[in-house]
Amino acid sequence: IGVRQSLILTGETGAKFRDLSAKYAGAHPGRFLMGAGMVQDGVESADYGDRLRRGVRDAVAAGAVALGELTDKGRGLVRAGEHAYFIDDPRFDPLWDEAGRLGIPVFVHIAEPAAFYDAPDGKNELRRSGNWSLYQKGTPGFEELLAKFERVLSRHPGTRFVAVHAFN
């Protein structure tokens, strides 16, 4: 059907990413480009930033050309128990810096459409899709999610971010 190349945003790290990279990019050189995930465990540990940087370097060495799709949607980029860590948390700055230094883009899914965060009432365009609603589910809301992303963009001008799904 004429598709020459595909980008696979695996969201995976470590051995799982290396296996996927070998399975697709390794078996079909030039056909598949691979996107890796980010280290999520131990977000509160003192060495988390170093592990994020190392994870990006290892992923690039294993064939990653991008990071992603990293997803928040108001639930947090990373969760530790009930605590959500959003994209603008300084703990993630080493990840954004390293991606920029290595020249790989970061594909992020920051939010769903604004209506997902509003009351699913008669005024809401998603009133027939209440099961998709994020209203009163502990998210900071659509506008604050965009503000969080804008803070990251201002702090990391050397990093290319791709806001997937047309920035919702």
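The values are calculated or read from the model by the stated rules, or taken from the named source; none is laboratory data. Values in this document were obtained by computation on a predicted structure and should not be read as measured data. Note that we place each Cβ from the backbone using ideal geometry, even for glycine, and neighbour counts take in every protein chain shown. For the accessible areas, the whole protein counts, side chains as well, though only heavy atoms, and no ligand, DNA or RNA atoms are used. Shrake-Rupley method; radii C 1.70, N 1.55, O 1.52, S 1.80 Å.
Going by a ≥ b ≥ c, the root eigenvalues of the Cα gyration tensor, does the stretch 35-86 fall in the rounded group (a/c under 1.5), the prolate group (a/b larger than b/c) or the oblate group? Don't jump to the answer; show the numbers that get you there.
Working: a/c = 3.58, a/b = 1.43, b/c = 2.51.
Taking the square roots of the gyration eigenvalues as a ≥ b ≥ c, the stretch 35-86 is oblate.
With both bridge residues required to lie in the chain, what share of the DSSP beta bridges run antiparallel, to the nearest 5%? Each step should come with its number before you reach the end.
Values: 3 of 16 bridges.
Around 20 percent antiparallel, to the nearest 5.
Between LEU102 and ASP41, what FRET efficiency comes out of the Förster formula 1/(1 + (r/R0)^6) with R0 = 25 Å and r the beta carbon distance, rounded to 0.05?
Details: r = 22 Å, r/R0 = 0.87.
The pair ASP41/LEU102 has a calculated efficiency of 0.70.
List the trypsin sites (Lys or Arg not before Pro) within the stretch 33-92 that DSSP assigns to loop and that have no more than 15 neighbouring Cβ atoms inside 10 Å. Write out the running numbers ahead of the final one.
Working: sites: ARG51, ARG53, ARG54, ARG57, LYS73, ARG75, ARG79, ARG91; in loops: LYS73, ARG75.
Hits after loop and neighbour filter: ARG75.
For semi-axes √(5λ) of the Cα gyration tensor in Å, several values are listed as [x] 29, 21, 14; [y] 47, 21, 14; [z] 24, 19, 15; flag the one computed from this structure.
[x]
With an 8 Å cut-off on Cα pairs and a minimum separation of 6 or more residues, tell me the relative contact order of the stretch 74-165 in percent.
39 percent
In sequence order, what are the phi-derived ³J(HN,Hα) couplings for the stretch 27-44 according to the Karplus relation 6.51 cos²θ - 1.76 cosθ + 1.60 with θ = phi - 60°, rounded to whole Hz, with x for glycine and proline?
Residue by residue, the stretch 27-44 yields 7, 9, x, x, 8, 10, 9, 10, x, 9, x, 10, 4, 10, 6, x, 4, 8 Hz.
Under a point-charge model restricted to the Cβ atoms of Lys and Arg (+1) and Asp and Glu (-1), what is the dipole moment magnitude of the stretch 51-168 relative to its Cα centre, in debye to the nearest 20?
300 debye
Would you calculate, for the chain, the mean residue ellipticity at 222 nm contributed by helices, counting each DSSP H stretch of 4 or more residues as -39,500 (n - 2.57) and dividing by all residues, to the nearest 500?
-8500 deg cm²/dmol
Within the stretch 28-48, find all residues whose amide N lies under 19 Å from a label point positioned 7 Å from the Cα of ARG155 along Cα-to-beta-carbon.
In the stretch 28-48, the label zone of ARG155 (backbone N under 19 Å from the point 7 Å along Cα→Cβ) covers 38-48.
Could you provide, to the nearest whole Å², the per residue accessible area of the chain with probe 1.4 Å?
That works out to 54 Å² per residue.
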